[in-house]
Amino acid sequence: MAAPAVTATRRASRTIEVMSTSEVLEQGRSATDHVAELEREYLLQNYARYPILLVRGKGAYVYDATGRRYLDLISGIGVNALGHGYPRIVQVIKQQASQLIHTSNLYYNEFQGKLAKRLCEVSGMKRIFFTNSGTESMEGALKMIRAHGRKSSEDKIEIVSLENSFHGRSLGALSVTGQPKYRRDFEPLLPGVRFVPPNDTTALSQVVGDKTAGIVIEAIQGEGGVYPMGEDYLRKARELADRYDALLLFDEIQCGVGRPGTFFAYQMVEPYVLPDITVAAKPIGCGLPLGFIAANERAAAAIGAGMHGSTFGGGPLACRVALEALDVIEELLPSISSVGSYFRMRFTELAKHMPFIREVRGAGLMIGVELDFPCREAVTLAMEEGMLINVTHDTVIRLLPPYILTEQDVDRAMEGFERILRKLGDSRPKA
């Protein structure tokens with residue numbers, strides 16, 4: 001027998017066209033309440049969820065149990081790169097799921113090698129290791145850095161990371177995350193990590209030395225407020241890594257795989273700064289769990305047989321979907337750049353009349369709008385306007401829309417954002 005919440009949700013979706021508005025709303029709310037009650041009773045209470053039950057999606061939109069539509073401008077925190085129900089992705093999932101979903105890495109599957117080759121071609125790297133998530137990718141990359149350093153000296157274990165950074169929730173990833181609020185409850189963490197301010201070449205030069213095994217940088221800090229690193233900073237990091245035989249790692253989990261309008265954020269400058277390692281995840285699987293570590297031969301040589309592994313990483317279903325996704329993403333790169341530029345331009349125009357908009361930042365379809373006061377209320381105001389967004393660092397509206405977003409979608413969104421920002425401005429704390 002189907003669970004009551006599932007049955008109610010299906011019924012709400014199936015009968016929406018023949019039920020009255022009040023009946024649809026009542027049934028949808030009932031389903032939402034039931035699901036919320038189950039979660040309160042049985043789930044670890046670590047998520048602060050918003051009171052909507054999403055039941056389906058199409059294109060750049062999702063629908064809740066009451067039938068209400070939302071423009072999805074956060075796309076599963078940057079995961080649903082091609083929106084919802086993208087026909088080519090759905091077709092590949094159906095075909096592959098009926099043939100082979102999982103084999104483990106004890107055996108070959110026909111798509112892992114093909115995907116690795118494709119990722120090497122677009123990244124400039126030489127070797128790929130597949131994972132299930134960004135955090136898992138970061139963990140493997142940190143092991144690579146440590147192993148590389150210890151081949152030179154037992155003291156060469158230090159890792160330099162940036163303040164305001166975010167690299168994941170596991171103990172290793174937290175160790176290199178430059179925000180104390182995430183690390184505090186789990187200390188002591190990995191020793192030998194040193195933090196420096198982003199975009200400060202002098203501070204970076206003063207910290208990197210003979211004991212440095214690796215330098216870890218988000219080319220565009222995501223959770224930290226959508227802060228791009230400058231070209232000079234990336235080039236200095238490359239220079240220091242070469243001088244001290246350290247590995248340069250670019251974390252592209254949020255800012256890569258097409259989001260900035262290039263495959264990777266480090267490719268936004270020419271000639272681009274090539275890291276020794278890059279880690280990515282989020283958009284590559286279009287909703288399926290998949291991440292990867294891409295490395296050059298020097299970095300890859302640090303990991304030998306039996307030193308690392310993954311049970312689920314690189315399964316045939318996820319890899320086949322990623323191959324299709326990369327083809328689509330490559331076709332969309334010009335649109336990602338142009339629509340993203342248009343979106344930022346619309347916010348910049350709005351800022352001329354709303355001086356509390358401190359800055360509009362980002363690249364491609366990774367956008368941060370910083371206000372000069374806390375604005376978490378923007379999330380609920382956006383839901384009232386039929387949009388899903390996110391606020392990070394208390395003052396930054398973060399947008400990670402799907403790559404299929406159009407200028408018409410942006411125009412529709414900006415109508416809502418103008419009302420949202422006016423409300424926020426009217427209620428902001430007075431000096």
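The values are calculated or read from the model by the stated rules, or taken from the named source; none is laboratory data. Here the structure is a predicted model, which means the values were calculated and not measured. As a convention, Cβ positions derive from the backbone with ideal geometry for all residues, glycine included, and neighbour counts pool all protein chains shown.
Looking at Ala318, Ala378, Ala305, Ala363, can you tell me which residue is in the same structural domain as Phe111 (by TED's automatic domain parsing) and in contact (Cβ under 8 Å) with a residue 24 or more places away in the chain?
That would be Ala318, the only listed residue that is in the same structural domain as Phe111 (by TED's automatic domain parsing) and in contact (Cβ under 8 Å) with a residue 24 or more places away in the chain.
Okay, residues lined up against (1) more than 24 Å from Ala300 (Cα to Cα); (2) among the aromatic types (Phe, Trp, Tyr); (3) surrounded by 13 or more Cβ atoms within 10 Å (Cβ to Cβ):
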residue	(1), (2), (3)
Thr66	yes, no, yes
Leu71	yes, no, yes
Gly78	yes, no, yes
Gln91	yes, no, no
Gln96	yes, no, yes
Gln99	yes, no, no
Ser104	no, no, yes
Gln112	no, no, yes
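Out of Ile389, Ile329, report the one residue that is out of contact with any strand residue (DSSP E or B) (no Cβ under 9 Å at 6 or more places or on another chain) and crowded, with 22+ Cβ neighbours inside 10 Å.
Ile329
When you scan region 17-58, how many residues do you find that are in the same structural domain as Leu71 (by TED's automatic domain parsing), of a type in the set (Ser, Thr, Tyr) and outside any helix (DSSP H, G or I)?
Final tally of qualifying residues: 2.
Of everything in region 178-200, what is under 26 Å from the mean Cα position of the chain (by Cα) and within 25 Å of Arg298 (Cα to Cα)? Give them in sequence order.
Leu190, Val193, Arg194, Phe195
Does Val321 count as assigned to a strand (DSSP E or B), of a type outside the set (Asp, Glu) and within 20 Å of the chain's Cα centre (by Cα)?
no
Of the residues that make up region 273-283, is at least one among the small types (Gly, Ala, Ser), modelled with pLDDT of 95 or more, within 18 Å of the chain's Cα centre (by Cα) and over 28 Å from Asn132 (Cβ atoms)?
no
Looking at region 345-354, can you tell me whether even one residue there is buried (at least 20 other Cβ atoms within 10 Å of the Cβ) and part of a helix (DSSP H, G or I)?
Yes, region 345-354 has at least one match.
Okay, residues lined up against (1) in contact (Cβ under 8 Å) with a residue 40 or more places away in the chain; (2) in the same structural domain as Thr135 (by TED's automatic domain parsing):
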| position | (1), (2) |
| --- | --- |
| Pro260 | yes, yes |
| Pro271 | no, yes |
| Arg298 | yes, yes |
| Phe347 | yes, no |
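Among the residues of region 167-193, which ones are surrounded by fewer than 22 Cβ atoms within 10 Å (Cβ to Cβ), of a type outside the set (S, T, N, Q) and not in a helix (DSSP H, G or I)?
Selection gives Arg169, Glu187, Pro188, Leu189, Leu190, Pro191, Gly192, Val193.
Do we find that Pro87 is out of contact with any Gly (no Cβ under 8 Å at 6 or more places or on another chain) and at pLDDT below 95 in this structure?
Answer is no for this residue.
Give the number of residues within region 403-431 that are within 14 Å of Tyr70 (Cα to Cα) and in contact with a Pro (Cβ under 9 Å, 6 or more places away or on another chain).
3
Which one of the conditions (1) farther than 27 Å from Lys58 by Cα; (2) crowded, with 16+ Cβ neighbours inside 10 Å; (3) out of contact with any Leu (no Cβ under 7 Å at 6 or more places or on another chain) does Met307 fail to meet, given that it meets all the rest?
(2)
Could you check region 406-423 and list, in sequence order, the residues that are within 21 Å of Ser338 (Cβ to Cβ), touching a strand residue (DSSP E or B) at 6+ places or on another chain (Cβ under 9 Å) and either of a type in the set (A, V, I, L, M, F, W, C) or buried (at least 24 other Cβ atoms within 10 Å of the Cβ) (or both)?
Once the filter is applied, which keeps residues that are within 21 Å of Ser338 (Cβ to Cβ), touching a strand residue (DSSP E or B) at 6+ places or on another chain (Cβ under 9 Å) and either of a type in the set (A, V, I, L, M, F, W, C) or buried (at least 24 other Cβ atoms within 10 Å of the Cβ) (or both), region 406-423 yields Ala413, Phe417.
Across region 147-166, what is the total count of residues that are more than 17 Å from Val208 (Cα to Cα) and either assigned to a helix (DSSP H, G or I) or of a type in the set (A, V, I, L, M, F, W, C) (or both)?
Number of matching residues: 3.
Answer with yes or no whether Val62 is surrounded by 14 or more Cβ atoms within 10 Å (Cβ to Cβ) and in a strand (DSSP E or B).
yes
Output yes when any residue across region 222-237 is farther than 30 Å from Glu370 by Cα and of a type in the set (Asp, Glu), and no when none is.
No.
Of all residues in region 235-261, how many are closer than 28 Å to Ser341 by Cβ and buried (at least 24 other Cβ atoms within 10 Å of the Cβ)?
12
Test Gly124 against the criterion of being touching a residue at least 24 places away in the same chain (Cβ under 8 Å), in the same structural domain as Leu247 (by TED's automatic domain parsing) and not hydroxyl-bearing (Ser, Thr, Tyr), and give yes or no.
yes
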